[in-house]
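The values are calculated or read from the model by the stated rules, or taken from the named source; none is laboratory data. Fair warning: this is a prediction, and the values are worked out from it, not measured in the lab. As a convention, Cβ positions derive from the backbone with ideal geometry for all residues, glycine included, and neighbour counts pool all protein chains shown.
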Amino acid sequence: MQSDYRIGQGLDIHRFQRGRKLILGGVEIPHHSGLLGHSDADALLHALMNAILGAIGKGDIGVHFPDTDPRYKNIASGVLLRQVIAMMKKSGFALVNGDITVLAQEPRLAPFFSAMRKKIARLMQVDENQINIKAGTTEKLGALGKGEGIMATAVVLLRKSP
């Protein structure tokens, strides 16, 4: 018997690279470096997409948007999120809520959370209160603590659409 609810968990990590824009949650963040990746490297949206794909049993973003495919070179992750949302809806599910955590020593992200939540809610066609974003540091431990990159994790709860 299939459940009316599904939980998905996602994770993504990217290292910093000078000469790129820092995009998180679909929002450009002023910083001396951006994240290295085939797409815009939006670790926050990548973690969210991985969580949704996991909840519907469809693998991860690497399966659907491989970094070997030139169509996805420098693509905005919001475009990919729309495709993941379409897969979620086709599978008969809707978002109950998403909870996202970003781990970064720098930059300070809290001032951008409201804009990120608005952007994600608009992309997902849900109420802003269904999206939560928070951040933490690794207390200067490891590569993230040395400011070498950013990691994001996401958990989503989906329910069968009526």
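Computed quantities for the displayed model
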| read-out | value |
| --- | --- |
| Pick from the stretch 130-143, criterion in contact (Cβ under 8 Å) with a residue 24 or more places away in the chain and in a helix (DSSP H, G or I), ranking: surrounded by the most Cβ atoms within 10 Å (Cβ to Cβ) | Gln130 |
| Enumeration of residues in the stretch 25-43 that are surrounded by fewer than 16 Cβ atoms within 10 Å (Cβ to Cβ) and within 17 Å of Ile133 (Cβ to Cβ) | Glu28 |
| Residue in the stretch 46-64 that is part of a loop (DSSP other than H, G, I, E, B), over 18 Å from Ala152 (Cβ atoms), modelled with pLDDT under 95 and over 16 Å from the mean Cα position of the chain (by Cα) present | no |
| Residue ID - farthest from the chain's Cα centre (by Cα), chosen from residues in the stretch 1-23 that are assigned to a loop (DSSP other than H, G, I, E, B) and either of a type in the set (D, E, K, R) or closer than 22 Å to Ile56 by Cα (or both) | Met1 |
| Selected residue [exposed (fewer than 14 other Cβ atoms within 10 Å of the Cβ), among the aliphatic types (A, V, I, L, M) and out of contact with any Pro (no Cβ under 8 Å at 6 or more places or on another chain)] from Ala55, Ala86 | Ala86 |
| Pair list, Cβ < 7 Å and 6+ apart or interchain, from the stretch 113-128 residues that are free of Cβ contacts under 8 Å to residues at least 60 places away in the same chain to residues that are part of a helix (DSSP H, G or I) and aliphatic (A, V, I, L, M) | Met124/Ile85; Asp127/Ala121; Glu128/Ala121 |
| Cross-chain or 6+ apart pairs with Cβ under 6 Å, the stretch 18-33 first and farther than 22 Å from Ala154 by Cα, then hydrophobic (A, V, I, L, M, F, W, C) | His31/Leu22; Ser33/Phe16 |
| Top-ranked residue in the stretch 93-128 [being assigned to a strand (DSSP E or B) and polar (S, T, N, Q); ranked as farthest from Gly54 (Cα to Cα)] | Thr101 |
| Any pair with Cβ under 8 angstrom, 6 or more apart, that starts in the stretch 66-82 at a residue that is more than 17 Å from Asn50 (Cβ to Cβ) and ends at one that is exposed (fewer than 14 other Cβ atoms within 10 Å of the Cβ) and of a type outside the set (Lys, Arg) | none |
| Breaking point among (1) touching a helix residue (DSSP H, G or I) at 6+ places or on another chain (Cβ under 8 Å); (2) crowded, with 19+ Cβ neighbours inside 10 Å; (3) under 18 Å from Ala76 (Cα atoms); (4) not small (Gly, Ala, Ser), for Leu22 | (1) |
| Residues within the stretch 144-156 that are surrounded by 15 or more Cβ atoms within 10 Å (Cβ to Cβ) and either farther than 19 Å from Gly25 by Cβ or within 12 Å of the chain's Cα centre (by Cα) (or both), tallied | 8 |
